[in-house]
Structures are given as C-alpha cells and as structure tokens.
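Undergrad: Here you go, one structure.
The values are calculated or read from the model by the stated rules, or taken from the named source; none is laboratory data. As the structure is a prediction and not an experimental result, all values here were calculated from the model. All Cβ positions, even for glycine, are placed from backbone atoms using ideal geometry, and neighbour counts span all protein chains on display.
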C-alpha cells in the first residue's frame, strides 16, 4: 500500500521524533579543523615556492593549487581521504583536495570496467556537475561584468 | 482447499521442513563485531584474492553454499531447488553461483529481505511435496553495494547518523523434508508498504512500517502474543527503524520490547562507525545462520520469528523522486521438540 497524505504526515512526525539529529556543532568544529589544516598546508606550500624557491605570486599560485591537487589525489590513492571526509565533512570536501578526491575516487573505483567505459567515462560522475555549473556561473558573471563595466 | 492457510496472510506448514544446515561467511569488519565467534568463516580482506569486489561476493556466496551442503552431507545433485538472491543489478552473485550449482534455480530479489523470502518459499516447496531438499543462499558486499547504490568507496563524503553499513558476507541454508534441526512452522509473506519516505540514507524509517505490518499480521493470523516468541528479530532496521517499529506495534496493541531485536544492531559494535547499524541481504542471513540458529540448537531460544526487511528502491527511482517502498517477510522457526 502507498500511504495517503495524512498517513504520510503522521508517520513523518513519528520519524522526526526518533531520528538521531546530526551533531551539527561537532561536525562544524571538525570541518573547521580539517579545512583549516588543508589551508595551512597550502599556505606552507605557497611559502615554500615564494620564499625558498623565490617564485613570483603568478607562478607560485597555480603551482600551489597543483601541489594540493596532487596531495588530494595521493591521499585518495592511499585510501585515507574517505576517512578524512567522514570525519571532516565539508572541511574535506570544499578545498581543492576534495575536488581531486571526487575525480580520483571514481577513476579508481571503475578501473575494473576498463579504461574507456570505466575510468574515463566515470571519472567526472561527481565532479562533472561542479565543472558544468562553475563554467556556467563564470559565463554569467562575465556577461554581467561586460554589461556593467563594458569591455 | 488451501487448508494450510491461517488467517489472512499466513501459511502454516503441516509437515514443517527442518533447517538441517546453515553457513555464515563474513568480511573482516563483521569479524571484529560482537558476533564474530558465531560465523563459520571470517575473510581476511574484502577482495578474497579476486580482481573485483563483485567476483569476491560471488566467491563468498559459492563458499557459503558449498559449506552448507557439506555440513548437511549432501551433494549438489541432491538439491531439488536452489533459491538465491543478492543486491547486485540483475542479482548476478546468485545467478553466477547458480551457473556452477546447475540445479533448478529460482533467482529472488527482495532486497535485504531475501533470506526470509527464500526460507518461506523453500519451506512451502517442501511442505507442498514439491521438493525434498532446498538450498538457499544470499549475499551482499559493502563495496559492491556502495558503488552501485551510492558513491565510489574512496569518495570522502560524510555519512549521516541514519545511514547503515552494508554487511559483507554470505549466508546459506539447507532445508530438508523430515531432517534433523529446527523447523520452519509458519510463514507470513509481506505486502509492500510505502509511507512516503524518500531518504535513501534512512532506510530504517522506510522499512519500519512494512516490518510492523507483517509482524502485526503474523500475530493476528496465528493468535500468538509477542511473548510466545523468545526472539522476534528484524533484518536491518537499525537504531532508527527498530524503535519506530516498536512504537507502531505498541500503538497496534502489541508490546514487542522484551523479545525484540534487530540483526543490523546485533552485528556491529557501536564503536565500529556503522552508524545506524548493519544492512544488506547478508545481514539477516549471517546473523540468523550464524548466531540465532546456534542459539536455537543450544536450547536458549525455543521459538524465533525472523522478519526479513527490504527497501525496494533503485538509485534511478530515488533520483526520479519516488518514495522508498518497504517489504517484510516473517518466518517462524522453532526447536524440533516445541512442535508436536
């Protein structure tokens, strides 16, 4: 049987009283710590390129991003990043390391279905929407800028 | 005709078949849980030396059926029907094991309720005189389920407290006419119940109404009270679904609390990070075949009601905004000397 609206509403109330709440405070704190840690590491890498290797910010910036992407991919390959993600939540998902994880994890997962139908086809199943909407947003912002400020 | 029907939806088995052997094989995480000592085999890793998790699941199911047959001292040729199912698309674990067993095969899909569904069907086949021995097997695997239903296993996503952990394991049962062992005496086949729950991360709430409905129907049809059972055990409602079932049945006039437990809660310790508990086709299969059956054999339990619970959705139906239908099948298993 499928519940009618009234039955569904009554049941929903029961479920709400019995569902353990997400530990929001703890999750937020952990996300702050993990996200902060990745940022700290990124800052350290940036300093390494600017201070030690004497690179300008134009070179050091992209190089730092690339290094962090490598770190995210590396931790995913070691099987550690999913555990960091479970503990750190959004703090692990939001930095660029999380983006790397979202591409490397399906690539690893679907290796067994082959290079074409597996790895390359599934690689962007999670990151794909991010890339699509980020690109669209960039276009929209550029159009607004063009209209307001002119070329 | 139809003299073996009891009430609206229950059948009673006039010549109850016996559970002559069971086998329970689990993965490493289940092997660290509180029921570890009751499983026949605890695998060291989740790949079992295979190249893919799917192959590993198939191997586990194969090993479980082999072991159950060996314990029952039967050969595959003695089996009249092989009933099996799992969670993979097109139930490939069951199909591929059936390919090797090469006996008349019925593939079943009841999601995580498949063990109870198969026990009920197998018992009816034997009681009806259509079979002498029936082999049953069900399996699930955490990693095959994750990649099919959710995300890649290495993806760093946070699981909510309502989510469950799919049990890696396989269970097998041999039912036989006139054999030695606990008897399957009553079967209540469940109806699909959908209370409009839509969160695939909370299957306990989606399945609880179906469990409550089937347990209520079973008690109504048989005229039994919850206290007539030493244990009423649901499949994989977890820490969220179990109390909801309890509340629903209290409202309907049955207090299950003293005898009620859930395989999903029993299989893992709270510190194993399984959140709401275990789930999957193997969950009730290994807890029943490994732990509960040994308790019946040792005399601790005389009469047990196994209520397999299943969430009958697919990732496609969930993505298209459909609610999650639930189902539950109840099978009464009793020590041989109770039934006279």
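Undergrad: Within segment A:104-139, count every residue that is outside any loop (DSSP other than H, G, I, E, B), more than 10 Å from chain B (Cβ to nearest Cβ) and over 22 Å from the mean Cα position of the chain (by Cα).
TA: Final tally of qualifying residues: 3.
Undergrad: May I pose another question? Return a yes/no flag: does segment B:84-96 have any residue that is more than 27 Å from residue B:328 (Cα to Cα) and in contact (Cβ under 8 Å) with a residue 24 or more places away in the chain.
TA: no
Undergrad: Only one of these is touching a strand residue (DSSP E or B) at 6+ places or on another chain (Cβ under 9 Å) and either at the interface with another protein chain (Cβ under 9 Å from one of its Cβ atoms) or surrounded by 11 or more Cβ atoms within 10 Å (Cβ to Cβ) (or both): A:77, A:3. Name it.
TA: A:3
Undergrad: Considering every residue within segment A:44-67, establish whether at least one is more than 25 Å from residue B:161 (Cβ to Cβ), within 12 Å of the chain's Cα centre (by Cα) and buried (at least 17 other Cβ atoms within 10 Å of the Cβ).
TA: Looking through segment A:44-67, none of the residues is more than 25 Å from residue B:161 (Cβ to Cβ), within 12 Å of the chain's Cα centre (by Cα) and buried (at least 17 other Cβ atoms within 10 Å of the Cβ).
Undergrad: Quick check: is even one residue across segment A:59-74 free of Cβ contacts under 8 Å to residues at least 40 places away in the same chain, away from every other protein chain (no Cβ under 14 Å) and outside any helix (DSSP H, G or I)?
TA: no
Undergrad: Taking the condition of being free of Cβ contacts under 8 Å to residues at least 40 places away in the same chain and under 21 Å from the mean Cα position of the chain (by Cα), how many residues in segment B:229-248 meet it?
TA: Just the residues of segment B:229-248 that are free of Cβ contacts under 8 Å to residues at least 40 places away in the same chain, to begin with: B:239, B:242-243, B:245-247.
This time we only want the ones that are under 21 Å from the mean Cα position of the chain (by Cα), so: B:239, B:242-243, B:245-246.
Residues meeting the conditions: 5.
Undergrad: So which residues in segment B:107-133 are over 24 Å from residue B:181 (Cα atoms) and surrounded by fewer than 19 Cβ atoms within 10 Å (Cβ to Cβ), if there are any at all?
TA: B:107, B:109, listed by residue number.
Undergrad: On to the next question. Here is a list: A:10, A:34, A:15, A:41. Which entry is more than 12 Å from every other protein chain (Cβ to nearest Cβ), in a helix (DSSP H, G or I) and out of contact with any strand residue (DSSP E or B) (no Cβ under 9 Å at 6 or more places or on another chain)?
TA: Result: A:41 is the single residue among A:10, A:34, A:15, A:41 that is more than 12 Å from every other protein chain (Cβ to nearest Cβ), in a helix (DSSP H, G or I) and out of contact with any strand residue (DSSP E or B) (no Cβ under 9 Å at 6 or more places or on another chain).
Undergrad: Let me ask another. When you check residue B:205 against the structure, is it in a helix (DSSP H, G or I), away from every other protein chain (no Cβ under 14 Å) and touching a residue at least 12 places away in the same chain (Cβ under 8 Å), yes or no?
TA: no
Undergrad: Among the residues of segment B:27-42, write down those that are under 20 Å from the mean Cα position of the chain (by Cα) and either closer than 17 Å to residue B:63 by Cβ or assigned to a helix (DSSP H, G or I) (or both).
TA: Answer for segment B:27-42, where residues must be under 20 Å from the mean Cα position of the chain (by Cα) and either closer than 17 Å to residue B:63 by Cβ or assigned to a helix (DSSP H, G or I) (or both): B:27, B:28, B:30, B:31, B:36, B:37, B:38, B:39, B:40, B:41, B:42.
Undergrad: Now for a different question. For residue B:2, which of the numbered conditions (1) part of a loop (DSSP other than H, G, I, E, B); (2) within 14 Å of another protein chain (Cβ to nearest Cβ) fails to hold?
TA: Of the numbered conditions (1) part of a loop (DSSP other than H, G, I, E, B); (2) within 14 Å of another protein chain (Cβ to nearest Cβ), the odd one out for residue B:2 is (2).
Undergrad: Could you grab me the full set of residues in segment B:315-334 that are part of a loop (DSSP other than H, G, I, E, B) and either in contact with a helix residue (DSSP H, G or I) (Cβ under 7 Å, 6 or more places away or on another chain) or crowded, with 16+ Cβ neighbours inside 10 Å (or both)? Step through it out loud before you land on a result.
TA: Quick first cut of segment B:315-334, residues part of a loop (DSSP other than H, G, I, E, B) only: B:320-325.
Those that are part of a loop (DSSP other than H, G, I, E, B) and either in contact with a helix residue (DSSP H, G or I) (Cβ under 7 Å, 6 or more places away or on another chain) or crowded, with 16+ Cβ neighbours inside 10 Å (or both): B:323, B:324, B:325.
Undergrad: Could I ask something else about it? Conditions first: (1) in contact with a helix residue (DSSP H, G or I) (Cβ under 8 Å, 6 or more places away or on another chain); (2) in a helix (DSSP H, G or I); (3) closer than 30 Å to residue B:211 by Cα. Residue A:20 passes all but one, so which condition is the exception?
TA: Failing condition for residue A:20: (2).
Undergrad: Considering only residues that are part of a loop (DSSP other than H, G, I, E, B) and closer than 18 Å to residue B:311 by Cβ, look in segment B:151-167 and name the one that is farthest from the other protein chains (Cβ to nearest Cβ).
TA: Going through the qualifying residues, I end up with B:167.
Undergrad: How about segment B:223-272: which of its residues are outside any helix (DSSP H, G or I), more than 14 Å from every other protein chain (Cβ to nearest Cβ) and over 23 Å from residue B:162 (Cα atoms)? Before the answer, list the steps.
TA: Start the filter on segment B:223-272 by keeping residues that are outside any helix (DSSP H, G or I), which leaves B:223-225, B:229-237, B:252-256, B:260-262, B:268-269.
Still in the list and also more than 14 Å from every other protein chain (Cβ to nearest Cβ): B:223-225, B:229-236, B:253-256, B:260-261, B:268-269.
Within segment B:223-272, B:223, B:224, B:225, B:229, B:230, B:231, B:253, B:254, B:255 qualify.
Undergrad: Moving to a separate point now. Among the listed residues A:84, A:96, which satisfies the condition of being closer than 26 Å to residue A:29 by Cα and more than 11 Å from chain B (Cβ to nearest Cβ)? Outline the logic, then answer.
TA: On the way: A:84 fails: more than 11 Å from chain B (Cβ to nearest Cβ).
Selected residue: A:96, the only one of A:84, A:96 that is closer than 26 Å to residue A:29 by Cα and more than 11 Å from chain B (Cβ to nearest Cβ).
Undergrad: All but one of (1) more than 30 Å from residue A:87 (Cα to Cα); (2) more than 14 Å from chain A (Cβ to nearest Cβ); (3) in a helix (DSSP H, G or I) hold for residue B:300; which doesn't?
TA: It fails just one condition, (3).
Undergrad: May I pose another question? Scan segment B:185-202 for residues that are closer than 20 Å to residue B:282 by Cβ, modelled with pLDDT of 95 or more and more than 14 Å from chain A (Cβ to nearest Cβ) and report the count.
TA: Counting residues in segment B:185-202 that are closer than 20 Å to residue B:282 by Cβ, modelled with pLDDT of 95 or more and more than 14 Å from chain A (Cβ to nearest Cβ) gives 0.
Undergrad: Ok, one more. Within segment B:129-150, which residues are within 14 Å of chain A (Cβ to nearest Cβ) and closer than 16 Å to residue B:58 by Cβ? First the steps, then the outcome.
TA: We begin by selecting, within segment B:129-150, every residue within 14 Å of chain A (Cβ to nearest Cβ); these are B:141-150.
Across segment B:129-150, the qualifying residues are B:141, B:142, B:143, B:144, B:145, B:147, B:148.
Undergrad: Examine segment A:45-57 for a residue that is at the interface with another protein chain (Cβ under 9 Å from one of its Cβ atoms) and over 20 Å from residue B:147 (Cα atoms), and state whether such a residue exists. Lay out the reasoning, then the answer.
TA: First, pick out the residues of segment A:45-57 that are at the interface with another protein chain (Cβ under 9 Å from one of its Cβ atoms): none.
So far as segment A:45-57 goes, no, none of its residues is at the interface with another protein chain (Cβ under 9 Å from one of its Cβ atoms) and over 20 Å from residue B:147 (Cα atoms).
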